[in-house]
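Below is one structure; the comments refer to it alone.
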Amino acid sequence: MNDVHGDALWRAILDETALAARDEPLLASFLHMTVLRHASLEDVLAFHLSSKLASPVMDARALMELFHEALSADDTISRAMRADITACFERDPACDSYSTPLLYFKGFHAIQSQRVTHWLWQQGRKTMAYFLQNRISEVLGADIHPAARIGEGVMLDHGTGVVVGETAVIGNNVSMLHGVTLGGSGKERGDRHPKIGDGVMIGAGAAILGNIRVGECAKVGAGSVVLEDVAPHTTVAGVPARVVAQATVGMPSLDMDQKV
């Protein structure tokens with residue numbers, strides 16, 4: 001796959017990786033194999049994720065072909081991947097280069113892998129989607145249903161222990177920390193999971209349960225249990241969550257301010 005985007009992000013990642021290979025010779029072969037020998041960011045993503053998710057019953061080559069198939073068929077995956085890399089770079093103080101999430105952040109890897117399972121789900125290939133969901137959960141520690149809809153510019157910080165249910169929807173420019181659950185509230189079927197608006201920040205360990213909406217630019221405090229709708233530009237915290245601040249300015253997902 002050629003680098004049809006011709007984007008500055010890909011060129012920046014190549015430059016960063018070349019410098020890293022020069023400065024850390026022990027990792028030079030890893031960096032060449034993972035990034036520098038590839039023709040595009042899409043090639044890197046397909047190679048890197050397939051290497052991580054390979055198993056005795058699904059080898060890396062077969063997985064890489066599957067990832068390439070999805071990336072070629074749906075260019076929204078590539079666009080969202082670029083937005084997610086930028087989100088990590090701009091919001092995470094531990095991320096000092098664009099190549100860092102691509103190579104090392106399993107929250108980023110989990111989101112990109114789910115984008116492929118979502119494409120499979122939409123194609124009616126549910127068996128393969130479920131297989132990959134299980135493998136992603138085992139390897140990356142995040143359990144995200146293939147049917148869940150995820151927007152662009154999403155940062156899944158750390159990613160460990162994140163659970164996202166089948167009918168959940170995550171908007172654009174959302175930031176979620178580790179241990180977040182977007183789950184149901186019983187054994188009802190149908191539309192039963194949360195809808196997260198654009199610009200929302202969800203703190204570590206928060207549980208948002210049921211078919212409820214968290215409005216745009218809201219903030220959910222760490223450890224909260226949210227059982228009711230959250231109005232836009234509102235901060236909630238506690239068990240159960242209660243409003244602790246209203247008329248929140250700006251976009252909490254970009255500020256990443258954990259205080260409530």
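Among the residues of segment 176-187, is there at least one that is out of contact with any His (no Cβ under 6 Å at 6 or more places or on another chain), β-branched (Val, Ile, Thr), under 26 Å from residue 227 (Cα atoms) and assigned by TED's automatic domain parsing to the domain that holds residue 206?
yes
Tell me which helices (runs of 4 or more DSSP H) are completely within segment 62-128 and hold 2 or more residues being touching a strand residue (DSSP E or B) at 6+ places or on another chain (Cβ under 6 Å), or say none if there are none.
75-91, 106-122
Confirm whether residue 33 is touching a residue at least 40 places away in the same chain (Cβ under 8 Å), over 15 Å from the mean Cα position of the chain (by Cα) and more than 30 Å from residue 257 (Cβ to Cβ).
no
Tell me which residues, restricted to segment 140-183, are in contact (Cβ under 8 Å) with a residue 40 or more places away in the chain and among the charged types (D, E, K, R).
Result: 152, 157.
Any chance you could count how many residues in segment 2-21 are more than 13 Å from residue 104 (Cβ to Cβ), of a type in the set (D, E, K, R) and in contact with a helix residue (DSSP H, G or I) (Cβ under 8 Å, 6 or more places away or on another chain)?
2
Only residues in segment 2-25 that are part of a helix (DSSP H, G or I) count as the first member; pair them with residues that are at pLDDT 95 or above and basic (Lys, Arg), Cβ under 7 angstrom, at least 6 apart or cross-chain, and list the lot.
Going by the 7 Å Cβ cut-off, the qualifying pairs are 9/82.
From the set of residues in segment 161-187 that are at pLDDT 95 or above and polar (S, T, N, Q), which is surrounded by the most Cβ atoms within 10 Å (Cβ to Cβ)?
It comes out as 175.
Being hydroxyl-bearing (Ser, Thr, Tyr), surrounded by fewer than 21 Cβ atoms within 10 Å (Cβ to Cβ) and either out of contact with any Gly (no Cβ under 6 Å at 6 or more places or on another chain) or in the same structural domain as residue 95 (by TED's automatic domain parsing) (or both) is the filter here, so list the residues in segment 109-160 that pass it.
Within segment 109-160, 127, 130, 137 qualify.
Can you name the residue in segment 48-61 that is in a helix (DSSP H, G or I) and not small (Gly, Ala, Ser) and, of all such residues, is farthest from the chain's Cα centre (by Cα)?
Looking at the filtered set, the residue picked out is 61.
Of all residues in segment 156-190, which are farther than 19 Å from residue 205 by Cα and in contact with a Lys or Arg (Cβ under 9 Å, 6 or more places away or on another chain)?
Correct list: 166, 167, 171, 186.
Under 16 Å from the mean Cα position of the chain (by Cα) and crowded, with 22+ Cβ neighbours inside 10 Å, is that true of residue 45?
So residue 45 fits the description; yes.
Being more than 28 Å from residue 138 (Cβ to Cβ) and in the same structural domain as residue 134 (by TED's automatic domain parsing) narrows it down to one of 12, 73, so name that one.
None of the other options fit; the residue is 12.
The values are calculated or read from the model by the stated rules, or taken from the named source; none is laboratory data. These figures come from a predicted structure and were not determined experimentally. Backbone-built Cβ (ideal geometry, glycine too); neighbour counts: all protein chains shown.
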